[in-house]
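Let me begin by presenting the structure, written as structure tokens, before commenting on it.
The values are calculated or read from the model by the stated rules, or taken from the named source; none is laboratory data. Just so it is clear, the structure is predicted and the values come from calculations on it, not from any experiment. Quick reminder, even Gly has a Cβ in these numbers, built from the backbone with ideal geometry, and neighbours come from all protein chains shown.
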Amino acid sequence: MRQMREKLNLVDIVIEVLDSRVPYSSINHSIKELIGNKPLLFVMNKSDMADPEQNEIWLKELNKINYTVLIDSINGKGNISSMEKAIETVLKDKIEKANKIGKSPYPIKTMVVGIPNSGKSTLMNNLARRKAMETGDRPGVTKNQQYLKVSDKLILLDNPGVLWPKFENQNQGKLLSLIGSIKDDIVPINVIAEYGIELLKELYPNELKERFKLESLGNTEDILNEIGKKRGCLIRGGEIDLDKTYDIFLRELRSAKIGRMTFERVNKPL
Ligand SMILES: Nc1nc2c(ncn2[C@@H]2O[C@H](COP(=O)(O)OP(=O)(O)OP(=O)(O)O)[C@@H](O)[C@H]2O)c(=O)[nH]1
Ligand SMILES: [Mg+2]
């Protein structure tokens, strides 16, 4: 946060990269406080892993808070132009003002922020059409701020992912662990997996049943045991290897193999 504050005066706009699977909990409200009046653009990333219907609902909802664009950075280069357009829309007044006095508004300097693993560096690589930034499917890949010149019109500044100092409630921490934005050694893996099962029972019961060939959905412990059995996670004596089961379940959930899912609902607190 300190590093971001130091660079704030040098940029024209801040892009906050959100994870579409947790649209509300991936907003870091202390960023808004930090940047004050600096223009802010929300980008709903990883939309290809989120529930398509919920994507549209959340896009409308987030637009009530702040200008928001929905993109799918992995598939399709069409997103690049929608990003560029969104940046120009948010900076419309500034660009017009500069043009009026015959000054170039370019290059637009953009600071890219967001929770760990939301896809900031990937988005930057896509915008630059080359793999300039290191990316990886775990939180904490980017460790330092780094500039990337996309073109004569656009310069981006990557930042390490940050979480806010205090969660609104305990479930928020579990939710961010569930999607892989918090390192697995922070919240115990059984707690994350059990929370995941509970959420799926409520929001996506059919997908859960289908993926693991479950006949019915009983209590959470039974479901995890059943998944372990179905996947052959056994230790000597025929007991279920629960650690292995948690790992399989979380891996499949995080990679959207169970289905495209959004874990938060508009107007429904965690
Ligand atoms: N399916 C899908 N995967 C994505 C998308 N964007 C990024 N990813 C993947 O998500 C993982 C994290 O991407 P990064 O770009 O490293 O994320 P980051 O926000 O820079 O992460 P930190 O630097 O650790 O904070 C990588 O495995 C990417 O391939 C997306 O839109 N869809
Ligand atoms: Mg990164």
Notebook entry, point to check: From the list LEU163, LEU178, which residue is touching a Lys or Arg at 6+ places or on another chain (Cβ under 9 Å), under 24 Å from ILE31 (Cβ atoms), in contact (Cβ under 8 Å) with a residue 12 or more places away in the chain and not acidic (Asp, Glu)?
Noted result: LEU178
Check: Take the residues of region 98-112 that are surrounded by fewer than 14 Cβ atoms within 10 Å (Cβ to Cβ) and of a type outside the set (Lys, Arg): which is nearest to LEU176 (Cα to Cα)?
Finding: SER104
Margin query: Name the residue that is farthest from ligand 2 (Cβ to nearest atom), counting only residues in region 109-119 that are under 17 Å from the mean Cα position of the chain (by Cα) and not β-branched (Val, Ile, Thr).
Written below: MET111
Notebook entry, point to check: ILE71 passes all but one of (1) within 15 Å of ligand 1 (Cβ to nearest atom); (2) of a type in the set (Val, Ile, Thr); (3) loosely packed, with under 12 Cβ neighbours inside 10 Å; which number fails?
Noted result: (3)
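Would you be able to say whether some residue in region 145-156 is part of a helix (DSSP H, G or I), under 22 Å from ASP19 (Cα atoms) and aliphatic (A, V, I, L, M)? Don't jump to the end; show me each part of the working.
Here is the first cut: in region 145-156, the ones part of a helix (DSSP H, G or I) are none.
So far as region 145-156 goes, no, none of its residues is part of a helix (DSSP H, G or I), under 22 Å from ASP19 (Cα atoms) and aliphatic (A, V, I, L, M).
Return the total of residues in region 237-252 being in contact with a strand residue (DSSP E or B) (Cβ under 8 Å, 6 or more places away or on another chain) and at pLDDT below 95. It would help to see each step written out before you state the result.
Of the residues in region 237-252, the ones in contact with a strand residue (DSSP E or B) (Cβ under 8 Å, 6 or more places away or on another chain) are 240-241.
So of that shortlist, the ones also at pLDDT below 95 come out as none.
Total meeting the criteria: 0.
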Item checked: Residues of region 113-150 classified as loosely packed, with under 15 Cβ neighbours inside 10 Å, more than 21 Å from ASP48 (Cβ to Cβ) and near ligand 1 (Cβ under 9 Å from one of its atoms), total -> 3
Margin query: Go through region 120-134 and report how many residues are more than 8 Å from ligand 2 (Cβ to nearest atom) and assigned to a loop (DSSP other than H, G, I, E, B).
Written below: 4
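Per-residue answers, yes or no, for (1) farther than 21 Å from TYR204 by Cβ; (2) in contact (Cβ under 8 Å) with a residue 24 or more places away in the chain:
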residue	(1), (2)
MET1	yes, yes
ILE15	yes, yes
LEU18	no, yes
GLU33	yes, no
LYS38	yes, yes
ILE101	yes, no
TYR106	yes, yes
Check: Hey, LYS268 hits all of (1) at pLDDT below 95; (2) farther than 30 Å from LEU62 by Cα but one; which does it fall short on?
Finding: (2)
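Mind telling me which of the residues ASP152, ASP222, ASP241 ends up being touching a helix residue (DSSP H, G or I) at 6+ places or on another chain (Cβ under 7 Å), more than 25 Å from TRP58 (Cα to Cα) and free of Cβ contacts under 8 Å to residues at least 60 places away in the same chain?
Values: ASP152 fails: touching a helix residue (DSSP H, G or I) at 6+ places or on another chain (Cβ under 7 Å); ASP222 fails: touching a helix residue (DSSP H, G or I) at 6+ places or on another chain (Cβ under 7 Å).
It is ASP241.
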Next item on the list: Filter region 155-175 for residues that are under 30 Å from ASN9 (Cβ atoms) and either buried (at least 21 other Cβ atoms within 10 Å of the Cβ) or within 16 Å of ligand 2 (Cβ to nearest atom) (or both) and give the result.
Entry: LEU156, LEU157, ASP158, ASN159, PRO160, GLY161, VAL162, LEU163
Notebook entry, point to check: Out of (1) in contact (Cβ under 8 Å) with a residue 60 or more places away in the chain; (2) within 16 Å of ligand 2 (Cβ to nearest atom), the odd one out for VAL90 is which?
Noted result: (2)
Next item on the list: Among residues belonging to region 176-197 that are buried (at least 17 other Cβ atoms within 10 Å of the Cβ) and assigned to a loop (DSSP other than H, G, I, E, B), point out the one that is farthest from the chain's Cα centre (by Cα).
Entry: VAL187
